[in-house]
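No value in this document is a laboratory result; all are computed from the given coordinates. Values in this document were obtained by computation on a predicted structure and should not be read as measured data. Neighbour counts are summed over all protein chains in view; Cβ atoms, including those assigned to glycine, are modelled from backbone coordinates with ideal geometry.
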């Protein structure tokens with residue numbers, strides 16, 4: 001598979017649809033809704049732009065929204081539990097199945113990224129707002145074989 005996850009997911013439009021389908025599940029979920037109490041409609045677009053960059057598309061999240069460091073900082077103090085993380089993963093898997101049906105290799109690669117990324121988000125979320133994260137490096141890139149670089 002020589003193409004990127006970004007291309008195979010339908011580019012930014014496809015990732016936007018995935019983000020929309022995911023948050024349509026999250027916001028009414030009684031376990032996850034409190035985690036997203038400060039949710040705004042721009043969140044859907046920011047997630048799509050983040051995923052686009054991670055999956056091999058344009059680096060707009062880094063250029064316009066602060067990159068990897070800003071994403072990590074946005075998770076400080078949230079206090080994500082194992083139960084939150086597992087529900088998040090289940091709802092994302094459901095959104096992938098809805099938006100990108102019949103694509104098991106693509107779904108597997110996306111789900112592996114989300115498992116990896118949510119573990120990092122959970123870890124960071126246990127630190128209070130204002131914690132110095134140091135220099136977490138550039139936005140990670142993810143392909144069919146996992147982390148690139």
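Cβ crowding within 10 Å ranks 27, 91 as 27, 91, fewest other Cβ atoms first.
Extension gain, residue 45 to residue 93: 0.36 nm times the residue separation minus the Cα-Cα distance gives 15.4 nm. Of 47, 26, 35, the residue with the greatest mean-square motion in the GNM of the chain, using alpha carbon springs below 10 Å, is 35. With an a/c value of 1.5 or above and a/b not larger than b/c for the gyration tensor axes a ≥ b ≥ c computed over the alpha-carbon atoms, the stretch 61-102 is described as oblate. The ranking of 53, 83 from fewest to most other beta carbons within 10 Å of each one's beta carbon is 83, 53. Fewest-first ordering of 131, 118, 42 by other beta carbons within 10 Å of each residue's beta carbon gives 42, 131, 118.
Take the Cα atoms of the chain, build their convex hull, and give its volume per residue in Å³. Working shown, then result.
Values: hull volume 15.7 nm³, N = 149.
Hull volume over Cα atoms, normalised by residue count, gives 106 Å³.
Using Cα pairs under 8 angstrom and six or more residues apart, how large is the relative contact order of the stretch 5-148, in percent? Could you put the intermediate results ahead of the total?
Working: 168 pairs, mean separation 47.7, N = 144.
That works out to 33 percent.
Dividing the summed -39500 (n - 2.57) terms of all DSSP H runs of n ≥ 4 by the residue count of the chain sets its mean residue ellipticity at 222 nm at -18000 deg cm²/dmol.
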